[in-house]
């Protein structure tokens with residue numbers, strides 16, 4: 001993964017919301033991220049996290065979170081950045097270190113499996129499944145979006161995917177599983193497509209250096225359309241291909257030894273997600289500050305990234321499900337298409353590396369429980 005480096009305009013640093021950094025944070029919240037756009041309660045009153053839970057969380061030590069890609073304002077990245085800057089982790093007695101990832105989600109998963117990092121967000125459940133098949137042991141605890149985030153872009157002259165045979169396709173290191181399955185489902189002989197690794201500049205497509213380009217719905221298409229380039233997006237879900245995005249994985253040993261800390265790490269992020277839904281400019285400003293600010297961080301583009309992805313999360317979230325809930329039925333479908341397309345040799349026992357109990361523990365129905373009990 002991940003998206004692309006982004007052009008960035010200068011944004012005034014957003015003032016920290018110091019009241020939310022207090023351990024006395026309290027209040028109630030409706031479920032963040034629902035399609036009806038509920039709001040999250042702010043800090044109020046004297047209710048606090050219990051002394052025992054606070055001590056347990058502090059004993060977990062430093063949680064190292066590696067982002068999927070730099071400080072991009074994706075649905076599965078911005079909530080963790082905002083939770084740190086708004087003081088939500090502090091409120092739950094958690095010590096969190098944020099490290100910007102390079103976009104190599106397979107490498108990030110290896111860091112988490114080795115214990116060098118504690119938590120990261122992968123591109124999708126498919127990335128998790130392929131990592132497990134390659135012997136990378138991580139535990140999935142949440143998934144944000146339940147629709148493929150990947151897309152294949154072409155010029156408007158392409159009206160049939162079979163036209164791509166004999167042409168050049170640009171990808172970021174490997175062909176995304178959902179894109180590969182979409183091509184196979186449409187009868188394309190993938191072996192007849194010349195695949196090349198390209199950088200993160202999507203203008204290679206309108207310049208004609210490639211005839212198709214893999215990307216993410218929330219990134220490259222926005223850039224190209226803003227530049228006035230006419231493109232066609234080919235989306236896996238239109239071909240019956242299931243998918244997800246923003247799968248959060250944790251080191252299995254850490255999760256086992258530090259259950260409340262793992263729960264509250266997600267709790268703080270989901271609380272921040274709800275806040276950022278209504279305060280996109282503020283939260284993207286926090287990400288810009290972490291990235292160092294300046295002209296290298298395109299805040300306007302990142303607001304679009306956030307709004308596009310949260311809209312996909314809301315539209316794909318099953319009715320009554322809390323934010324981040326893992327979907328066993330959807331994952332089973334992803335396993336099926338990976339096996340059918342030859343990307344997995346056999347179907348794994350997902351119960352050994354998928355744990356939905358963490359999201360369940362911090363939710364009451366579809367609502368987030370805030371603060372910690």
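The values are calculated or read from the model by the stated rules, or taken from the named source; none is laboratory data. Just so it is clear, the structure is predicted and the values come from calculations on it, not from any experiment. Reconstructed Cβ throughout: ideal geometry from the backbone, glycine too, with neighbour counts over all protein chains shown.
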Mind listing just one residue for me: the one in segment 122-145 that is modelled with pLDDT of 95 or more and within 11 Å of the chain's Cα centre (by Cα) and, of those, nearest to residue 249 (Cα to Cα)?
-> 142
Does segment 336-343 contain at least one residue that is part of a loop (DSSP other than H, G, I, E, B) and modelled with pLDDT of 95 or more?
-> no
The lone condition residue 193 fails out of (1) in the same structural domain as residue 254 (by TED's automatic domain parsing); (2) in contact with a strand residue (DSSP E or B) (Cβ under 7 Å, 6 or more places away or on another chain) is (1)
Inside segment 64-79, the number of residues satisfying the requirement of being touching a residue at least 60 places away in the same chain (Cβ under 8 Å) and either surrounded by fewer than 24 Cβ atoms within 10 Å (Cβ to Cβ) or over 18 Å from the mean Cα position of the chain (by Cα) (or both) is 1
Would it be correct to say that residue 86 is in contact (Cβ under 8 Å) with a residue 24 or more places away in the chain and within 20 Å of residue 310 (Cα to Cα)?
-> yes
Quickly run through segment 149-182 and pick out the residues that are at pLDDT 95 or above, surrounded by 20 or more Cβ atoms within 10 Å (Cβ to Cβ) and farther than 21 Å from residue 225 by Cα.
-> 164
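With the structure loaded, tell me whether residue 301 is in contact (Cβ under 8 Å) with a residue 40 or more places away in the chain and touching a strand residue (DSSP E or B) at 6+ places or on another chain (Cβ under 8 Å) or whether it fails that test. Show your work before the answer.
Values: in contact (Cβ under 8 Å) with a residue 40 or more places away in the chain: yes; touching a strand residue (DSSP E or B) at 6+ places or on another chain (Cβ under 8 Å): no.
Against the criterion (in contact (Cβ under 8 Å) with a residue 40 or more places away in the chain and touching a strand residue (DSSP E or B) at 6+ places or on another chain (Cβ under 8 Å)), residue 301 does not qualify.
Out of the strands (runs of 3 or more DSSP E) lying entirely within segment 201-250, which hold 3 or more residues that are crowded, with 20+ Cβ neighbours inside 10 Å and in contact with a helix residue (DSSP H, G or I) (Cβ under 8 Å, 6 or more places away or on another chain)? Walk me through it before giving the result.
On the way: elements: 212-216, 232-234, 245-250.
Once the strands (runs of 3 or more DSSP E) in segment 201-250 are filtered for at least 3 residues that are crowded, with 20+ Cβ neighbours inside 10 Å and in contact with a helix residue (DSSP H, G or I) (Cβ under 8 Å, 6 or more places away or on another chain), what remains is 212-216, 245-250.
Name the residue, out of 198, 188, 119, 96, that is closer than 26 Å to residue 261 by Cβ and over 16 Å from the mean Cα position of the chain (by Cα). It would help to see each step written out before you state the result.
Details: 198 fails: closer than 26 Å to residue 261 by Cβ; 188 fails: closer than 26 Å to residue 261 by Cβ; 119 fails: over 16 Å from the mean Cα position of the chain (by Cα).
Of 198, 188, 119, 96, the one residue that is closer than 26 Å to residue 261 by Cβ and over 16 Å from the mean Cα position of the chain (by Cα) is 96.
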Answer with yes or no whether residue 325 is touching a strand residue (DSSP E or B) at 6+ places or on another chain (Cβ under 8 Å) and modelled with pLDDT of 95 or more.
-> yes
Please give the number of the condition residue 97 fails out of (1) free of Cβ contacts under 8 Å to residues at least 40 places away in the same chain; (2) not assigned by TED's automatic domain parsing to the domain that holds residue 293.
-> (2)
Qualifying residue in segment 136-145 (condition: surrounded by fewer than 16 Cβ atoms within 10 Å (Cβ to Cβ) and either in contact with a helix residue (DSSP H, G or I) (Cβ under 8 Å, 6 or more places away or on another chain) or touching a residue at least 24 places away in the same chain (Cβ under 8 Å) (or both)) = no
Collect the residues in segment 204-245 that are within 24 Å of the chain's Cα centre (by Cα) and farther than 26 Å from residue 334 by Cβ, keeping them in residue-number order.
-> 223, 224, 225, 226
Which residues, taken from segment 337-363, are touching a residue at least 12 places away in the same chain (Cβ under 8 Å) and surrounded by fewer than 15 Cβ atoms within 10 Å (Cβ to Cβ)?
-> 340, 345, 347, 360
Segment 251-269, residues that are surrounded by 24 or more Cβ atoms within 10 Å (Cβ to Cβ) and closer than 28 Å to residue 338 by Cβ | 251, 262, 266, 269
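Inspect all residues belonging to segment 306-314 and state whether any of them is assigned by TED's automatic domain parsing to the domain that holds residue 107, free of Cβ contacts under 8 Å to residues at least 60 places away in the same chain, part of a helix (DSSP H, G or I) and closer than 13 Å to residue 146 by Cα.
Within segment 306-314, the subset assigned by TED's automatic domain parsing to the domain that holds residue 107 is 306-314.
Filter again for free of Cβ contacts under 8 Å to residues at least 60 places away in the same chain, leaving 307, 311.
If we keep only those that are part of a helix (DSSP H, G or I) as well, we get 307, 311.
Pick out the ones that are also closer than 13 Å to residue 146 by Cα and you get 311.
So far as segment 306-314 goes, yes, one or more of its residues are assigned by TED's automatic domain parsing to the domain that holds residue 107, free of Cβ contacts under 8 Å to residues at least 60 places away in the same chain, part of a helix (DSSP H, G or I) and closer than 13 Å to residue 146 by Cα.
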